[in-house]
Amino acid sequence: MTEPADKVWPGADRAFSGLEWFFGVLFTFELALKFVAIPRKVLRDSWAIVDILVVVFFWVEVLSSDLPFPPTLIRLARMARLLRFLRVVKTIRGFGSLYLMLQAIKGSVSALGWASAVLLMGEMMFALALNLLMKDYWEDEDFDFESREMLYAYYGTFTKSLLTMIEMLLGNWYSITRILTQFNESFMLFGICHQLVFGFAVIEVISGVFLNETFKVAALDDSIMLNEVRRAAKAQSAKLTEFFQNADKDGSGLVDQDELKKVLSNKQVEEWLSAMGLDLSDIDRVFAMLDTDGDGQLSCQELVDGASLLKRPARAVDLQAVQVLLQDLSSRISAQVW
């Protein structure tokens, strides 16, 4: 037997009541400060409506002893304040997957509407057809009463038949098909074909549409792209820092060309750098490019920054700039020769 809550957790009522007062007064104080400090911004912020409702509901519950509706509804309304948390999800790296799911759901609203319309129209046609076809069976007294009663419970009206078809669509097709086969075994073909066409083919196509929407969101959303770029840059920086520390045998914080050649003589290190998109086969030329201050030694920051530049693909503007420099150099040489 379940015991009352006050016996399982003595003092729970006082604890929750205290927490309710604490957060209610805190939210009220926060809202008052906002109206005093930034009144115009608060009035333009749609989320402020949620804060106002939360505060109003709290004081209505506290001051009114006889409410026309259960006070639990007011407490549930306060949970809407948690939606404000979604505004900062995209700025927190740890919630990247949650932000992607929310954006994918938002972008799939249109696809969801069309998918629901297609499925509902198809199931409505089947529901109406079965409602008409099965009428003769539940009125036939040659079948036992319990079977006819169950058949009527599933297909007796259009709404019951539609609910049954939706149940078949969502997975319980074999149990419902067995009920139909008690009256005519040919309905087995209907159940199997319905499951193959609607329960498998159509659902899989719709799932593909939702996956496509998710991929589009991941590829086009600015926040997701920026987070991916930052995550990749951070991972590359960590790997190159580890590589630099292994190359710096004397622990001086600098790596000269000989130390770099020595660590690159390891075949596994060379393959590891190639997998990262870094080609250091011509070490003399690469070292000269990375050594920006020309002191003959590389710092960790020079290696990380230089490697990022080496991994970038050549752009059309870069090739055009090189072509202009070559043309200018060629004209100067031609002028000196003549």
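The values are calculated or read from the model by the stated rules, or taken from the named source; none is laboratory data. Computed from a predicted structure; not experimentally measured. Methodologically, a virtual Cβ is constructed for each residue, glycine included, from the backbone with ideal geometry; neighbour enumeration extends over all protein chains shown. We work out accessible area using only protein heavy atoms, side chains counted, and drop any ligands, DNA or RNA first. Shrake-Rupley method; radii C 1.70, N 1.55, O 1.52, S 1.80 Å.
Kindly list, by first and then second residue, each pair from a residue in the stretch 282-300 that is closer than 20 Å to Ser265 by Cα to a residue that is open to solvent by 60 Å² or more (accessible area, probe 1.4 Å) and of a type in the set (D, E, K, R), limited to pairs with Cβ atoms under 7 Å and residues at least 6 apart or on different chains.
Matching pairs, first to second residue: Ile283/Lys261.
Any idea which residue in the stretch 248-262 is least open to solvent (accessible area, probe 1.4 Å), counting only those that are aliphatic (A, V, I, L, M) and at pLDDT 75 or above?
Taking the candidates together, the pick is Val255.
Let me spell it out: the conditions are (1) closer than 30 Å to Arg231 by Cα; (2) aliphatic (A, V, I, L, M); (3) modelled with pLDDT of 85 or more, and Leu98 meets all of them except one. Which number is the exception?
Among (1) closer than 30 Å to Arg231 by Cα; (2) aliphatic (A, V, I, L, M); (3) modelled with pLDDT of 85 or more, Leu98 violates only (3).
Can you pull out every residue in the stretch 142-156 that is open to solvent by 50 Å² or more (accessible area, probe 1.4 Å), in a loop (DSSP other than H, G, I, E, B) and in contact with a helix residue (DSSP H, G or I) (Cβ under 8 Å, 6 or more places away or on another chain)?
The answer is Phe143, and nothing else.
Looking at (1) touching a residue at least 24 places away in the same chain (Cβ under 8 Å); (2) open to solvent by 50 Å² or more (accessible area, probe 1.4 Å); (3) of a type in the set (A, V, I, L, M, F, W, C), which is the one condition that is false for Val205?
Among (1) touching a residue at least 24 places away in the same chain (Cβ under 8 Å); (2) open to solvent by 50 Å² or more (accessible area, probe 1.4 Å); (3) of a type in the set (A, V, I, L, M, F, W, C), the lone unmet condition for Val205 is (1).
In the stretch 188-202, which residues are open to solvent by 40 Å² or more (accessible area, probe 1.4 Å) and either closer than 14 Å to Ala127 by Cβ or part of a loop (DSSP other than H, G, I, E, B) (or both)?
The answer is Phe190, and nothing else.
What's the total number of residues in the stretch 293-323 that are over 36 Å from the mean Cα position of the chain (by Cα) and at pLDDT below 70?
Residues meeting the conditions: 5.
How many residues, within the stretch 206-255, are among the aliphatic types (A, V, I, L, M) and within 30 Å of Glu302 (Cα to Cα)?
12
Tell me which residues, restricted to the stretch 160-187, are surrounded by 15 or more Cβ atoms within 10 Å (Cβ to Cβ) and not in a helix (DSSP H, G or I).
Gln182, Phe183, listed by residue number.
Kindly indicate the residue of the stretch 208-231 that is open to solvent by 60 Å² or more (accessible area, probe 1.4 Å) and either over 14 Å from the mean Cα position of the chain (by Cα) or among the charged types (D, E, K, R) (or both) and also nearest to Gly107 (Cα to Cα) among those meeting that condition.
Ranking the qualifying residues of the stretch 208-231, first place goes to Lys216.
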